[in-house]
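S.K.: One structure follows; several queries about it will come next.
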């Protein structure tokens, strides 16, 4: 979630491709369209689309919320008028001018930590931190999908207070802000509201902090979670697990877990999108006379028929034996046949081959008849 002091250089309406007068429904429609077009799961490894997805999500987080949108519009309007703030006959071209003297709880962020005469918002974190980790899978695990345990260390809900931060759940009104959650400072012609620093804008303080977490609601510990990796992930793809990141303070929602998947090469298969490719060694006789060979797949082997007279290097297609797709269908398996020549021949095999070569001459077969090298 973007902080308000980051709104200066942002144009969230432009990021969503709408105008500032767009309706809430139009904003929601634009967000869904752009999020679907740029989602990292649909474009693994595409850094440009991933960055676009993040910008769209950040924009919708602000202007997709009616309260935050109102604050954002008021903020941008204040920046637009005269290039700075004006009031009481004075002009402030730099925000630091406002705090030239006197008490300030946090500089620039104090001004916009809450709205100016509008709805107040808490400075308290609204969710836990996101977590990133990496795993390495075998080729077939990545193609078929798998589940595996992942060990993480980070903030987790305190078991003693169930994440509340209080031993008994008792709270009292904050004395600094009288339970309002905000404090007001007068700067001549200006009055600015800011979240109360003593209660983080909640209006309440814990009177009996939990001894295990010291009132934070979270403790640092290791935990093991089961991660489901969907079928068809590719090397470098990130998988998002919502709510599996670090726990938020005082019972707020957890962040997300992002798992970067690395895939080991396979000794048999290579991959092209949702299709698998495999090279199968065959003999000259199998290509010349035709036959049937056993070919491995992600599941059990299948029998593939080689037509008589198949040339070396030909690719045969086996439908539906590739990588599983999201819609429940499968890619295809492409089988490339490659002649394997024996190094050592018995006398009988040599005699048989000599007889065959004589037979080739009698029937007029010349392997180089159409070879371009004959023209030079």
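The values are calculated or read from the model by the stated rules, or taken from the named source; none is laboratory data. None of the values given here were measured: they were computed from a predicted structure. For neighbour counting, all protein chains shown are included, and Cβ atoms are generated from backbone atoms with ideal geometry for every residue, glycine included.
S.K.: Output the number of residues of the stretch 255-310 satisfying the condition of being within 26 Å of the chain's Cα centre (by Cα), buried (at least 17 other Cβ atoms within 10 Å of the Cβ) and assigned to a strand (DSSP E or B).
M.R.: Within the stretch 255-310, residues that are within 26 Å of the chain's Cα centre (by Cα), buried (at least 17 other Cβ atoms within 10 Å of the Cβ) and assigned to a strand (DSSP E or B) number 7.
S.K.: Could you tell me which numbered condition residue 41 fails, if it satisfies all but one of (1) in a loop (DSSP other than H, G, I, E, B); (2) at pLDDT 80 or above; (3) under 30 Å from residue 260 (Cα atoms)?
M.R.: Failed condition: (2).
S.K.: For the stretch 1-16, how many residues are surrounded by 14 or more Cβ atoms within 10 Å (Cβ to Cβ) and modelled with pLDDT of 85 or more?
M.R.: Result for the stretch 1-16: 4.
S.K.: So how many residues does the stretch 276-293 have that are closer than 11 Å to residue 335 by Cα and either out of contact with any helix residue (DSSP H, G or I) (no Cβ under 9 Å at 6 or more places or on another chain) or free of Cβ contacts under 8 Å to residues at least 12 places away in the same chain (or both)?
M.R.: Total satisfying the criteria: 5.
S.K.: Do the conditions hold for residue 334, that is, is it free of Cβ contacts under 8 Å to residues at least 12 places away in the same chain, out of contact with any helix residue (DSSP H, G or I) (no Cβ under 7 Å at 6 or more places or on another chain) and surrounded by 11 or more Cβ atoms within 10 Å (Cβ to Cβ)?
M.R.: When the stated conditions are applied, residue 334 does not pass them.
S.K.: Which numbered condition trips up residue 328, out of (1) surrounded by 10 or more Cβ atoms within 10 Å (Cβ to Cβ); (2) closer than 25 Å to residue 138 by Cβ; (3) free of Cβ contacts under 8 Å to residues at least 40 places away in the same chain?
M.R.: Only one criterion is unmet by residue 328, namely (1).
S.K.: Scan (1) closer than 30 Å to residue 71 by Cα; (2) at pLDDT 85 or above for the single condition residue 189 breaks and write down its number.
M.R.: Result: residue 189 passes all but (2).
S.K.: Let me ask something else about it. Which one is farthest from residue 200 (Cα to Cα) among residues in the stretch 158-171 that are under 32 Å from the mean Cα position of the chain (by Cα) and buried (at least 19 other Cβ atoms within 10 Å of the Cβ)?
M.R.: So, considering only residues that are under 32 Å from the mean Cα position of the chain (by Cα) and buried (at least 19 other Cβ atoms within 10 Å of the Cβ), the one farthest from residue 200 (Cα to Cα) is 158.
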